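Every number in this text was worked out from the coordinates using simple rules, so none of it is lab data. Worth saying up front: this structure is predicted, and the values here are computed from it rather than measured. Here the Cβ positions follow ideal geometry from the backbone for every residue, glycine too, while neighbour counts run over all protein chains shown.
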Amino acid sequence: MPGWLVLTFAMAAACTVVLTIVLLNQRRVRDDDDPSATPDVLEYMTMMIGVVYAIVLGLAIAGVWEARGAAADGVRTEAQALHEVSARAGVYPAAVRHRIRQDIDAYVGHVVTREWPYMAEHGALTDRGTALIARVRHDVSGRVPRTELESQAYQPMVDQVAAADDARGARASNAGATMPGVVWFGLITGALVTIGMIFVLQIRRSGRELLLAGLFSALIAFLLFLIWYFDAPLGRGTADAASPFLDLFPGAVKGR
C-alpha cells in the first residue's frame with residue numbers, strides 16, 4: 001500500500017474517532033448542563049497546535065541544514081582531493097605533470113561552469129564530467145613510476161583520485177531535493193491550520209493585533225522558504241556551494 005494512502009487513512013481515522021466521541025458525548029449532555037462550568041479548551045488546543053508545529057518546523061530546518069552541511073563537506077573533499085593530486089604531480093616529468101594538471105583544470109572548469117547549472121536544473125551529473133574524471137584517473141593510474149619519488153607519490157595520488165570520484169558520486173545524490181513530499185504536505189497543512197487559528201480566535205481589527213498577525217504569518221512563510229532553499233543542498237546557491245573549487249583552482253574557470 002502506498003505511503004500517501006496509509007497517511008490518508010490514518011488522518012481520516014483519527015478525525016473520525018475524535019468527531020464520533022464528541023457527537024456521542026453531546027448526546028449524553030443534559031438540558032441543565034452549563035458549558036461555562038467546563039474549561040475552555042480552545043486556547044489550549046491553539047497553544048498545542050503552535051507548539052507541535054514549531055517542533056516540526058525545527059526538525060525540518062535542522063534536517064535540511066545537516067544535509068546541506070554534509071553536501072558542502074563532500075564538495076570540499078572532492079576539490080581538496082583533486083588539489084592534492086595536482087600538487088603531488090610535481091614529482092613527475094614536465095610533460096606528464098602538465099597533462100595531469102591540464103585535465104584536472106578541464107574537469108574543474110567543466111564542473112563549475114557546465115555541470116553545476118545542469119545539476120541544479122536536472123538533479124543529475126553530466127556525461128562529460130564523468131569522462132573528464134575518468135581521464136584524470138587514467139592519467140594518474142596509467143603512469144608507471146620510474147623513480148623513487150614517483151613511487152612514493154603514485155599510491156597517494158591514486159587514492160586521492162578515488163576519493164574525488166567517490167565525493168563526486170555523493171554530490172550526485174545531493175543534487176536534488178531531499179525533503180519527501182509527505183513532509184512538505186505536513187508543513188504546508190500545519191501552516192494553514194496554525195494561521196487559521198487566528199481567525200478561530202476572532203482576532204479584532206486593532207492595529208496591534210493586525211501587526212502581530214501579519215508578523216506571525218510572515219515568520220512562518222520565511223521559515224518555509226528557508227526550508228525550501230536549503231532542501232536542495234547543492235541545487236541552490238551555486239556560487240557558495242562551488243566555492244571550494246573556485247578557491248583551490250582560481251585559474252581553471254577563467255575564460256570559460
> Which ³J(HN,Hα) values, rounded to whole Hz and listed in residue order, are derived for the range 190-200 from phi using the Karplus coefficients 6.51, -1.76 and 1.60 in 6.51 cos²θ - 1.76 cosθ + 1.60 with θ = phi - 60°, glycine and proline given as x?
Replying inline: x, 5, 5, 5, 5, 5, x, 5, 4, 6, 5
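Roughly speaking, what is the stretch gain from Phe9 to Leu219, that is 0.36 nm per residue apart minus the C-alpha to C-alpha distance, in nm to one decimal?
Roughly 72.5 nm would be gained on extension.
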> Running Debye on the range 45-132 with equal point scatterers at the Cα sites and no solvent, what base-10 log of I(q)/I(0) appears at q = 0.25 Å⁻¹?
Replying inline: -1.20
>> What is the ratio of the Cα radius of gyration of the range 113-231 to 2.2 N^0.38 Å, with N the residue count, to two decimals?
In response: 1.92
> When only alpha-carbon atoms count, how far does the range 78-120 stretch along each of its three principal axes, as whole angstroms with the largest first?
Replying inline: 38, 18, 8
> What nm value, rounded to one decimal, do you get for the distance between Thr189 and Ala70 when each label is placed 7 Å out toward the C-beta?
Replying inline: 2.6
> So, with +1 on the Cβ of K and R and -1 on the Cβ of D and E, and no other charges, what is the size of the charge dipole of the range 141-202 about its Cα centre, to the nearest 20 debye?
Replying inline: 220
>> Using a 7 Å offset from the Cα along the Cα-to-Cβ direction at both Ala134 and Asp159, what is the distance between the two label points in nm, to one decimal?
In response: 2.6
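Take peptides 109-121, 65-77 and line them up by average Cβ neighbours within 10 Å, highest first, as a rough protection proxy.
Top to bottom by mean Cβ count within 10 Å: 109-121, 65-77.
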> Based on Cβ point charges of +1 for Lys and Arg and -1 for Asp and Glu, what charge dipole magnitude is obtained for the range 87-214 about its Cα centre, in debye rounded to the nearest 20?
Replying inline: 320
> Any idea how far apart Leu226 and Leu59 come out in nm if each label point goes 7 Å out from Cα toward Cβ?
Replying inline: 1.8
